[in-house]
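Contents: one structure, followed by commentary.
The values are calculated or read from the model by the stated rules, or taken from the named source; none is laboratory data. Quick caveat: nothing in here was measured; it's all calculated off a predicted structure. Note that each Cβ is placed from the backbone with ideal geometry, even for glycine, and that neighbours are counted across all protein chains shown.
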Amino acid sequence: MEGILGKLGGKEVIVDPAATEPRNVYKLMVAAIVPRPIAFVSTIGADGILNLAPFSFFTAASADPPVICFAPMIRAVSARDGGRKDTLRNIQATGEFVVNIVSEEFAGQMNICSTEFPPEIDEFQASGLTPVPSDLVRPPRVKESHVNMECRLLEIVDVSAKPLGGSLVLGQVLRFHVEDGWFDNYQIDPDRLRAIGRMGGATYTRTTDRFELVRPAVQS
């Protein structure tokens, strides 16, 4: 098989990314890096058209100031936009976006927004999700989401312009919105949030099966 260097002691498959098709490297990465939280990103284009799309390459980068990041990937190159996602193009144009956390009850509508719609399509309308005004940025929040983060663009790091390459978008959180009654000492009840995560392929995971590990203290 391409890129397979062999097995070490019959227990380990060794893969060389440089000799492997990028699509297979992608499949390996999304199967190994799990579960991945989902950034459901709402933006607005320079033309005023709303956009809403999910991204599972998503995490926090800093708490002071609060900074989150996600990475839109490059599609197969097209004449329209060079494969760049509408989300990325909108953020480049406006410098603003909102990250909405996805809960299980609207996972199906989130999945509709993963469709590669043309830029003139409003994914809020296509999915039936509800836009509500943000406080400090132009893109709306998703009403159905229980946690929203209004963000101002800090930096875009272009990692690769190749198909399946991508860019890292870093945004400073200007305002958090948490549904009333779910906020307790700056924590959110996970049983009520029912956030979902992304696995490999078309598989998702729930966050209902959990366990705790207390970080060990260093013995003096």
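Structure summary
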{"quantity": "Within segment 90-116, considering residues that are more than 19 Å from PRO66 (Cβ to Cβ) and among the aliphatic types (A, V, I, L, M), the one surrounded by the fewest Cβ atoms within 10 Å (Cβ to Cβ)", "calculated": "ALA93"}
{"quantity": "The lone exception for GLY83 - which of (1) among the small types (Gly, Ala, Ser); (2) part of a loop (DSSP other than H, G, I, E, B); (3) within 27 Å of GLU179 (Cα to Cα) it fails", "calculated": "(3)"}
{"quantity": "Long-range neighbours under 9 Å by Cβ, at least six apart or interchain, first residue over 15 Å from VAL142 (Cα atoms) and of a type in the set (Lys, Arg) within segment 172-193, second at pLDDT 95 or above and surrounded by 13 or more Cβ atoms within 10 Å (Cβ to Cβ)", "calculated": "ARG192/SER103; ARG192/HIS146"}
